[in-house]
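Enquirer: If you scroll down you'll find the structure; I have some questions about it.
The values are calculated or read from the model by the stated rules, or taken from the named source; none is laboratory data. All values reported here derive from a predicted model rather than from experimental measurement. Methodologically, a virtual Cβ is constructed for each residue, glycine included, from the backbone with ideal geometry; neighbour enumeration extends over all protein chains shown.
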Amino acid sequence: MSATYILSVEKRDVQSALRNFFSSVLRLEDIGSLLVPMHLTANNSVKPVLVSDPGRLEGADPLSPAFPVNSAKIISSLTRKPVGSKIAAVLRPCEIRAFVELVKLKQASADEVVIISIDCLGAYSNIDYKRFVSDKKESSTSMFLEMMLSGEKKAGEERPLSAACRVCEHSIPERADIRIGIVGVNINDQILVQALTPAGEEICRNLGLASGQEPQGRQEAINSIVAQRKTLRDEMFDKTGNATNSIGKLTEYFADCVNCYNCRVACPVCYCRECVFTTDVFNHEPYQYLQWAERKGAVKMPTDTLFYHLTRLAHMSTACVGCGQCSNACPNEIPVMELFRMVAYKTQKAFEYEAGRSPDEPPPLSVFRENEFVEVVGIGE
């Protein structure tokens with residue numbers, strides 16, 4: 001059960017209400033810093049910023065449809081060793097799920113982290129966000145909120161959300177300490193604040209927030225969004241499956257890959273300190289390329305592109321949270337997310353597992369279950 005509170009919104013300014021809330025959290029005695037998406041002064045970009053001064057939150061904008069990096073990797077680097085004070089992190093639901101996976105993989109610690117999350121309306125790709133924000137820095141987020149919460153689709157059709165966001169059925173945060181609700185809520189007057197953990201409830205009490213109730217239409221609005229995104233997800237799976245169901249089709253799917261490895265770097269749960277594809281194992285001798293070309297008549301350069309993606313699929317399918325940063329980072333706009341999300345969904349379903357669902361669920365292949373996949377190994381019960 002969650003404790004529900006109400007955060008008042010003055011002059012229909014949701015962003016100011018959130019900034020004031022974050023400032024109050026940062027002033028609490030045991031909170032040393034706050035990680036929050038913030039507009040940079042140099043341009044219109046939005047990046048995660050670690051803030052220690054409550055007076056430096058004027059550019060905080062977690063509702064902006066910008067998602068340049070999955071902050072789970074940042075929280076991982078901030079929590080590798082104890083720092084003696086808590087970090088309040090404002091994360092999207094997919095960032096929370098990635099962080100949960102990193103904790104289970106011993107790449108991060110949740111001991112000094114308080115997670116705050118907001119109902120996620122999605123984000124644009126990096127390129128589309130720049131086009132959307134253009135010279136509307138101050139009003140772009142307000143325009144996006146109005147468009148998404150009003151149900152209007154005209155603007156959304158002109159510039160759709162990223163593919164990962166369009167098919168994400170986890171837009172309402174579940175693993176946060178504090179959930180801020182905007183779906184099914186009249187955000188011109190108030191915002192819903194729900195404490196989902198004892199730590200979250202303690203913060204809300206210390207802030208003196210007024211108790212409240214969840215609006216009647218909120219769950220219906222959430223169910224509608226989830227149903228729509230699941231339909232789009234299944235359509236994406238069908239399309240991607242048909243486009244990749246043979247080695248020939250897979251080769252064509254990744255034909256534009258240049259082995260930049262951006263997808264690996266951007267992936268929040270690709271945690272190997274040294275990737276085999278950046279070692280001498282794949283630093284082939286010149287004569288080998290010549291031999292391959294002589295034997296086959298021709299060889300595409302660079303080599304090993306398909307092998308690289310298949311290896312990552314085998315490695316990451318149990319931990320993929322579908323955030324879409326792999327596609328976002330691809331310079332040639334290869335639909336990497338679509339394939340990884342499809343394979344991850346099937347892999348995780350086979351293990352009755354869901355990446356980021358619970359810190360108490362051990363990752364597949366990390367535990368032995370005597371009766372697992374008996375139909376495959378041929379062992380009777």
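Enquirer: Could we say that residue 102 is touching a Pro at 6+ places or on another chain (Cβ under 9 Å) and either surrounded by fewer than 21 Cβ atoms within 10 Å (Cβ to Cβ) or in contact (Cβ under 8 Å) with a residue 12 or more places away in the chain (or both) here? Let's see the steps before the verdict.
Expert: Working: touching a Pro at 6+ places or on another chain (Cβ under 9 Å): yes; either surrounded by fewer than 21 Cβ atoms within 10 Å (Cβ to Cβ) or in contact (Cβ under 8 Å) with a residue 12 or more places away in the chain (or both): yes.
It is true that residue 102 is touching a Pro at 6+ places or on another chain (Cβ under 9 Å) and either surrounded by fewer than 21 Cβ atoms within 10 Å (Cβ to Cβ) or in contact (Cβ under 8 Å) with a residue 12 or more places away in the chain (or both).
Enquirer: Still on this structure, I have one more. Can you pull out the helices (runs of 4 or more DSSP H) entirely within the stretch 285-363 that have at least 3 residues that are of a type in the set (S, T, N, Q) and in contact (Cβ under 8 Å) with a residue 40 or more places away in the chain?
Expert: On the way: elements: 286-296, 305-316, 325-329, 336-350.
So the answer is 325-329.
Enquirer: Of a type in the set (A, V, I, L, M, F, W, C), surrounded by fewer than 18 Cβ atoms within 10 Å (Cβ to Cβ) and within 18 Å of the chain's Cα centre (by Cα), is that true of residue 265? Spell out how you get there, then give the answer.
Expert: On the way: of a type in the set (A, V, I, L, M, F, W, C): yes; surrounded by fewer than 18 Cβ atoms within 10 Å (Cβ to Cβ): yes; within 18 Å of the chain's Cα centre (by Cα): yes.
When the stated conditions are applied, residue 265 passes them.
Enquirer: Okay, moving on. Among the numbered conditions (1) touching a helix residue (DSSP H, G or I) at 6+ places or on another chain (Cβ under 8 Å); (2) closer than 13 Å to residue 336 by Cα; (3) part of a loop (DSSP other than H, G, I, E, B), tell me where residue 270 comes up short.
Expert: Just one mismatch for residue 270, condition (2).
Enquirer: Check 89, 98 and return the single one that is outside any helix (DSSP H, G or I) and either within 21 Å of residue 319 (Cβ to Cβ) or out of contact with any strand residue (DSSP E or B) (no Cβ under 8 Å at 6 or more places or on another chain) (or both).
Expert: Working: 98 fails: outside any helix (DSSP H, G or I).
Result of the check over 89, 98: 89.
Enquirer: Which one of the conditions (1) assigned by TED's automatic domain parsing to the domain that holds residue 71; (2) assigned to a helix (DSSP H, G or I); (3) not hydroxyl-bearing (Ser, Thr, Tyr) does residue 215 fail to meet, given that it meets all the rest?
Expert: Evaluating residue 215 over (1) assigned by TED's automatic domain parsing to the domain that holds residue 71; (2) assigned to a helix (DSSP H, G or I); (3) not hydroxyl-bearing (Ser, Thr, Tyr) leaves (2) as the failure.
Matching residues to (1) of a type outside the set (D, E, K, R); (2) in contact (Cβ under 8 Å) with a residue 60 or more places away in the chain:
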{"position": "68", "(1), (2)": "yes, yes"}
{"position": "75", "(1), (2)": "yes, no"}
{"position": "81", "(1), (2)": "no, no"}
{"position": "118", "(1), (2)": "yes, yes"}
{"position": "121", "(1), (2)": "yes, yes"}
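Results for (1) at pLDDT 95 or above; (2) crowded, with 19+ Cβ neighbours inside 10 Å; (3) of a type outside the set (A, V, I, L, M), shown as yes or no for each residue.
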| residue | (1), (2), (3) |
| --- | --- |
| 328 | yes, yes, yes |
| 334 | yes, yes, no |
| 370 | no, no, yes |
| 381 | no, no, yes |
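Enquirer: Considering every residue within the stretch 341-358, establish whether at least one is among the acidic types (Asp, Glu), within 18 Å of residue 263 (Cα to Cα) and at pLDDT 95 or above.
Expert: no
Enquirer: Just for the stretch 25-47: of the residues that are small (Gly, Ala, Ser) and surrounded by 13 or more Cβ atoms within 10 Å (Cβ to Cβ), which one is nearest to residue 57 (Cα to Cα)?
Expert: Restricting attention to the stretch 25-47, the residues satisfying the condition of being small (Gly, Ala, Ser) are 32-33, 42, 45.
Adding the requirement that they be surrounded by 13 or more Cβ atoms within 10 Å (Cβ to Cβ) leaves 32-33, 45.
Values: 32: 14, 33: 11, 45: 16 Å.
Applying the filter and picking the extreme gives 33.
Enquirer: Restricting to the stretch 235-294, count the residues that are polar (S, T, N, Q) and either in contact with a Leu (Cβ under 9 Å, 6 or more places away or on another chain) or in the same structural domain as residue 75 (by TED's automatic domain parsing) (or both). Walk me through it before giving the result.
Expert: First, the residues of the stretch 235-294 that are polar (S, T, N, Q): 240, 242, 244-246, 251, 259, 262, 278-279, 283, 288, 291.
From what is left, the residues that are either in contact with a Leu (Cβ under 9 Å, 6 or more places away or on another chain) or in the same structural domain as residue 75 (by TED's automatic domain parsing) (or both) are 240, 244, 251.
Matching residues across the stretch 235-294 total 3.
Enquirer: Let me ask something additional. Check 35, 26 and return the single one that is among the hydrophobic types (A, V, I, L, M, F, W, C), assigned by TED's automatic domain parsing to the domain that holds residue 141 and closer than 15 Å to residue 91 by Cβ.
Expert: 35
Enquirer: Follow-up question, since we're still on this one. Filtering the stretch 210-225 down to residues that are surrounded by 15 or more Cβ atoms within 10 Å (Cβ to Cβ) and touching a Ser or Thr at 6+ places or on another chain (Cβ under 9 Å), which residue is farthest from residue 341 (Cα to Cα)? Even if it seems obvious, please write down each step before you answer.
Expert: To start, the set of residues in the stretch 210-225 that are surrounded by 15 or more Cβ atoms within 10 Å (Cβ to Cβ) comprises 212, 215, 218, 221-222, 225.
Checking which are touching a Ser or Thr at 6+ places or on another chain (Cβ under 9 Å) leaves us with 212, 222, 225.
Working: 212: 37, 222: 22, 225: 19 Å.
The extreme case among them is 212.
Enquirer: Report whether or not residue 23 is among the hydroxyl-bearing types (Ser, Thr, Tyr) and touching a residue at least 60 places away in the same chain (Cβ under 8 Å). Step through it out loud before you land on a result.
Expert: On the way: among the hydroxyl-bearing types (Ser, Thr, Tyr): yes; touching a residue at least 60 places away in the same chain (Cβ under 8 Å): no.
No; evaluated as a whole, the condition is false for this residue.
Enquirer: Here is a follow-up. From the list 4, 41, pick out the single residue that is without any contact (Cβ under 8 Å) to a residue 24 or more places away in the chain and either in the same structural domain as residue 263 (by TED's automatic domain parsing) or β-branched (Val, Ile, Thr) (or both).
Expert: Details: 4 fails: without any contact (Cβ under 8 Å) to a residue 24 or more places away in the chain.
When all the criteria are applied, what remains is 41.
Enquirer: Something else: Among the residues of the stretch 298-308, is there at least one that is surrounded by 21 or more Cβ atoms within 10 Å (Cβ to Cβ) and more than 26 Å from residue 75 (Cα to Cα)?
Expert: Yes: one or more hits.
Enquirer: Going through 214, 274 one at a time, which residue ends up being without any contact (Cβ under 8 Å) to a residue 60 or more places away in the chain and not basic (Lys, Arg)? Can you show your working first?
Expert: Details: 214 fails: without any contact (Cβ under 8 Å) to a residue 60 or more places away in the chain.
That would be 274, the only listed residue that is without any contact (Cβ under 8 Å) to a residue 60 or more places away in the chain and not basic (Lys, Arg).
Enquirer: I'm checking my understanding of the structure. Among residues of the stretch 105-116 that are hydrophobic (A, V, I, L, M, F, W, C) and without any contact (Cβ under 8 Å) to a residue 40 or more places away in the chain, which one is surrounded by the most Cβ atoms within 10 Å (Cβ to Cβ)? Spell out how you get there, then give the answer.
Expert: Initially, the stretch 105-116 is screened for residues hydrophobic (A, V, I, L, M, F, W, C), giving 105, 108, 110, 113-116.
Remaining after also requiring without any contact (Cβ under 8 Å) to a residue 40 or more places away in the chain: 108, 113.
On the way: 108: 24, 113: 20.
Here the residue is 108.
Enquirer: For the structure I just gave you, tell me whether residue 121 is of a type in the set (A, V, I, L, M, F, W, C) and surrounded by fewer than 20 Cβ atoms within 10 Å (Cβ to Cβ). Give the steps one after another, and end with the answer.
Expert: Details: of a type in the set (A, V, I, L, M, F, W, C): yes; surrounded by fewer than 20 Cβ atoms within 10 Å (Cβ to Cβ): yes.
It is true that residue 121 is of a type in the set (A, V, I, L, M, F, W, C) and surrounded by fewer than 20 Cβ atoms within 10 Å (Cβ to Cβ).
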